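The values are calculated or read from the model by the stated rules, or taken from the named source; none is laboratory data. All figures in this text were calculated on a predicted structure; none of them were measured in a lab. A quick note on method: Cβ atoms are made from the backbone with ideal geometry, for glycine too, and the neighbour counts reach across all protein chains shown. When the accessible area is computed, the model is the full protein with side chains, heavy atoms only, and any ligands, DNA or RNA have been set aside. Shrake-Rupley method; radii C 1.70, N 1.55, O 1.52, S 1.80 Å.
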There are 2 protein chains.
Amino acid sequence: MNFSPAIEDLIQALRCLPGVGPKSAQRMTLHLLERDRAGADNLAAALLDAVNKVDHCQRCRNFTELDICEICIDPRRDTSIICVVETPADVLAVEMSGSFKGIYYVLMGHLSPIDGIGPEEIGLDRFHRRVVEEGVSEVILATNPTVEGEATAYYLIDLLQGDGVKVSRIAHGVPLGGELEYVDGSTLAHALTGRRQVE
Amino acid sequence: MNFSPAIEDLIQALRCLPGVGPKSAQRMTLHLLERDRAGADNLAAALLDAVNKVDHCQRCRNFTELDICEICIDPRRDTSIICVVETPADVLAVEMSGSFKGIYYVLMGHLSPIDGIGPEEIGLDRFHRRVVEEGVSEVILATNPTVEGEATAYYLIDLLQGDGVKVSRIAHGVPLGGELEYVDGSTLAHALTGRRQVE
């Protein structure tokens with residue numbers, strides 16, 4: 001025995017959300033139908049709206065509803081420093097830190113040859129052209145400290161070598177508020193290698 | 001700094017799903033926009049479809065896309081035995097057990113005076129009339145073994161007393177495959193009180 005087709009379809013459709021398995025999808029569906037039909041209508045409208053309106057910024061590839069995003073267009077930002085990140089969520093995280101006044105380039109992913117994602121798919125050729133043409137002074141690599149993120153960073157370092165642009169990588173080490181005891185070995189190794197002399 | 005309005009709206013709208021907090025809603029939104037726009041379109045359509053098509057069965061109050069649900073119209077079911085459950089998910093659970101051939105009455109909740117949910121809100125008056133009018137032979141109470149579920153069951157027992165209908169409650173005890181060591185005290189107490197002589 002199953003639920004009626006429209007209910008089964010909704011359970012199935014909810015599974016496209018990350019982290020939602022068959023049981024949660026069923027719970028969500030019954031919750032919406034029993035207690036929050038207005039929420040379901042609203043969610044449907046928000047989904048269509050986002051899919052229709054949100055596209056990539058033509059300069060930094062971040063999500064935006066405009067042609068050029070608010071950060072790229074902002075005259076107070078220093079366009080000579082570009083921070084390269086993997087996703088829009090990373091842009092938000094850096095912005096939240098309040099310590100960066102340059103602009104971004106969002107790869108929307110990382111190099112992953114096994115999934116057929118090469119330099120072109122994440123816009124590295126376009127980025128390279130732009131760095132050369134616009135006389136960028138510094139490129140800060142803030143890809144994730146994962147195997148793929150590191151590979152992407154090294155690829156970029158190679159690519160930009162000889163262009164006369166300063167390339168830097170954000171520091172990896174012990175997070176503030178973290179206890180040494182609970183920090184994993186490779187992070188500690190990074191923290192030691194990256195130590196700085198106290199002046 | 002925030003995401004663009006359409007993105008923020010979608011993050012907000014996803015929070016109507018049970019178990020989805022601000023971080024998961026953001027992750028879901030970015031996942032859909034980055035990697036599964038077709039899934040988002042499909043989800044929006046499924047939501048609208050379910051909200052428009054799914055209503056309550058006029059006899060048992062279960063979810064259905066018809067006036068009377070498939071179980072209520074099925075001529076092979078014994079309409080003289082009614083199993084009372086709290087939600088459509090409970091109907092599915094009992095059906096899955098394959099051991100019940102009667103019909104259901106779905107309360108779509110339980111008595112909860114503190115939330116303003118009295119006998120009328122969960123259709124108990126209608127159910128009572130039906131039991132009397134249709135000459136039902138047995139009512140099986142399968143509400144949840146929670147405080148509210150028990151209260152609802154006792155209310156029904158009171159209500160049906162004197163109508164000449166047999167009222168039973170499903171057995172509570174040690175689940176099959178469970179180990180006594182890990183079963184909580186009140187379940188064990190139930191299992192002991194409800195013991196049956198071996199014949």
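A few notes on this one:
- Taking the longest Cα principal axis of chain A as reference, the axis of helix A:22-35 is set at about 60 degrees.
- Rounded, prolate or oblate (a/c below 1.5 giving rounded, otherwise prolate when a/b exceeds b/c) for the range A:5-53 by Cα gyration tensor: oblate
- When chain A is treated as a Gaussian network with alpha carbon springs shorter than 10 Å, the biggest mean-square fluctuation among A:G19, A:G173, A:G164 belongs to A:G19.
- Interface burial for A against B (accessible surface, 1.4 Å probe, total of both chains, Å², rounded to 100): 4700 Å²
- The mean number of Cβ atoms from other chains found within 10 Å of a Cβ in peptide B:93-100 is 1, as a whole number.
- Computed over chain B, the per-residue total of -39500 (n - 2.57) for DSSP H runs of n ≥ 4 gives a 222 nm mean residue ellipticity of -13500 deg cm²/dmol, rounded to 500.
- When the square roots of the Cα gyration tensor eigenvalues are ordered a ≥ b ≥ c, the ratio a/c for the range B:77-172 is 1.5 or more and a/b does not exceed b/c, which makes its shape oblate.
- Within the accessible area of the protein assembly as shown (1.4 Å probe), percent carbon and sulfur: 52 percent
- Angle in degrees between helix B:124-134 and the longest Cα principal axis of chain B, rounded to the nearest 10: 50 degrees
- Pairs of Cα atoms nearer than 8 Å and 6+ residues apart set the relative contact order; for the range B:77-172 it is 32 percent.
- Per residue, the average separation of C-alpha pairs within less than 8 Å and at least 6 apart gives the range B:54-126 a relative contact order of 26 percent.
- Distance from the Cα centroid of the range B:149-190 to that of the range B:67-144 is 16 Å (rounded to whole angstrom).
- 1.4 Å probe accessible area per residue over the range B:125-199, in Å²: 71 Å²
- For the range B:1-21, a decrease in accessible area of 30 Å² or greater in the assembled protein chains relative to the isolated chain, with a 1.4 Å probe, applies to B:M1, B:F3, B:S4, B:A6, B:I7, B:L10, B:A13, B:C16, B:L17, B:P18.
- Label spacing, shortest first and in nm, from B:N144 to its equivalents in the remaining copies (7 angstrom along Cα→Cβ): 3.5
- Lys, Arg +1 and Asp, Glu -1 on Cβ, resulting dipole of the protein assembly as shown about Cα centre, debye, nearest 20: 180 debye
- Peptide A:52-59 - average C-beta neighbours from other chains (10 Å radius): 3
- Contact order normalised by residue count of chain B, Cα under 8 Å, 6+ apart, percent: 13 percent
- Geometric descriptor of the protein assembly as shown, per residue, is 231 Å³ (volume of the convex hull of the Cα atoms).
- Sparse-neighbourhood loop sites, trypsin sites (Lys or Arg not before Pro) in the range B:100-176 - DSSP loop, at most 13 other Cβ within 10 angstrom: B:K101
- Peptide B:32-41 has a mean of 6 when you count, residue by residue, the C-beta atoms of other protein chains within 10 Å of its C-beta.
- Computed lengthening from A:I170 to A:S80, 0.36 nm per intervening residue step minus Cα-Cα distance: 30.7 nm
- Each copy carries B:D163; placing its label point 7 Å along the C-beta direction from Cα gives inter-copy distances of 7.8 nm, listed from smallest up.
- Scanning chain A for the Cβ atom closest to the axis that brings A onto B yields residue and whole-Å distance A:A44, 2.
- Cα gyration tensor shape for the range B:117-178, rounded if a/c is under 1.5, else prolate or oblate: oblate
- Interface residues, the range B:64-92 - accessible area loss of 20 Å² or more versus chain alone, probe 1.4 Å: B:E65, B:P88, B:A89, B:L92
- Tilt relative to chain B, helix B:37-53 - C-alpha long axis, 0 to 90 degrees, to 10: 40 degrees
- Loop-resident sites, the range B:90-163, for GluC sites (Glu not before Pro), counting at most 11 other Cβ within 10 Å (DSSP): B:E120
- For A:L176, the point set 7 Å out from Cα toward Cβ sits 5.8 nm from its twins in the other copies, listed from shortest up.
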